[in-house]
1. Tell me, please, whether a residue that is in a helix (DSSP H, G or I) and hydrophobic (A, V, I, L, M, F, W, C) can be found in the range 52-65.
2. Please identify the pairs in which a residue from the range 70-92 that is outside any loop (DSSP other than H, G, I, E, B) has its Cβ atom under 8 Å from the Cβ atom of a residue that is exposed (fewer than 12 other Cβ atoms within 10 Å of the Cβ) and aliphatic (A, V, I, L, M), counting only partners at least 6 apart or on another chain.
3. Can you tell which of Val59, Val67 is in the same structural domain as Pro93 (by TED's automatic domain parsing), touching a residue at least 24 places away in the same chain (Cβ under 8 Å) and at negative phi?
4. Please tell me if Gly37 is loosely packed, with under 11 Cβ neighbours inside 10 Å and either outside the structural domain of Val82 (by TED's automatic domain parsing) or assigned to a helix (DSSP H, G or I) (or both).
5. Please find, within the range 64-73, the residue that is farthest from the chain's Cα centre (by Cα) out of those that are surrounded by fewer than 12 Cβ atoms within 10 Å (Cβ to Cβ) and within 13 Å of Arg86 (Cβ to Cβ).
6. Within the range 53-71, is even one residue at pLDDT below 90, among the charged types (D, E, K, R) and more than 21 Å from Ala17 (Cβ to Cβ)?
Amino acid sequence: MTREQKMQAVVEAMREAVRCWRQGEPWDAVKSALFHGERALLDLDAHTEADAETVTLAVWRGPNGTVTLVEPRTAADQPYQVGDRRLGTVTLPITREGGR
C-alpha cells in the first residue's frame, strides 16, 4: 500500500467515526471506527519510503572537479563550459527529513 493510500485510509476511518457519532450510533460503533482510524494512523506512521519516489539526475563534472546535478533531457543537461563532461545518470530515492 502506498503512502497516499494509507493517508486516504486514515481520512476514511475518521469520516466513518464522525458519521457514527453524528448519527447517534451506539458508543461501541463510534469506538470501533476510532480504533480503525488509530490503526490506519499507526500504519501510516510506520510507513517506510521503500516504495517512495525517486529522482533521476544527470551528473556533470567540470574541468576544475566540480560536480553538477541536473534534470536529464532538459535544457540544463548540456555543458556550461569547455571541458565539462557528462558522467551519466543516477537514480536516488527521495527521503524526507524526520521520516515524513
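1. Checked the range 52-65: no residue is in a helix (DSSP H, G or I) and hydrophobic (A, V, I, L, M, F, W, C).
2. Once the first residue is outside any loop (DSSP other than H, G, I, E, B) and sits in the range 70-92, its partners that are exposed (fewer than 12 other Cβ atoms within 10 Å of the Cβ) and aliphatic (A, V, I, L, M) give Thr91/Val55; Leu92/Val55.
3. Numbers: Val67 fails: touching a residue at least 24 places away in the same chain (Cβ under 8 Å).
Sole residue among the options that is in the same structural domain as Pro93 (by TED's automatic domain parsing), touching a residue at least 24 places away in the same chain (Cβ under 8 Å) and at negative phi: Val59.
4. No: the conditions fail for Gly37.
5. Here is the first cut: in the range 64-73, the residues surrounded by fewer than 12 Cβ atoms within 10 Å (Cβ to Cβ) are 64-67, 73.
Next, from what is left, pick out any that are within 13 Å of Arg86 (Cβ to Cβ): 67, 73.
Working: Val67: 27, Arg73: 24 Å.
It comes out as Val67.
6. yes
The values are calculated or read from the model by the stated rules, or taken from the named source; none is laboratory data. Predicted model only: the values in this text are computed from it and were never measured. Positions of Cβ are generated from backbone atoms using ideal geometry, with glycine treated the same way; all protein chains shown enter the neighbour counts.
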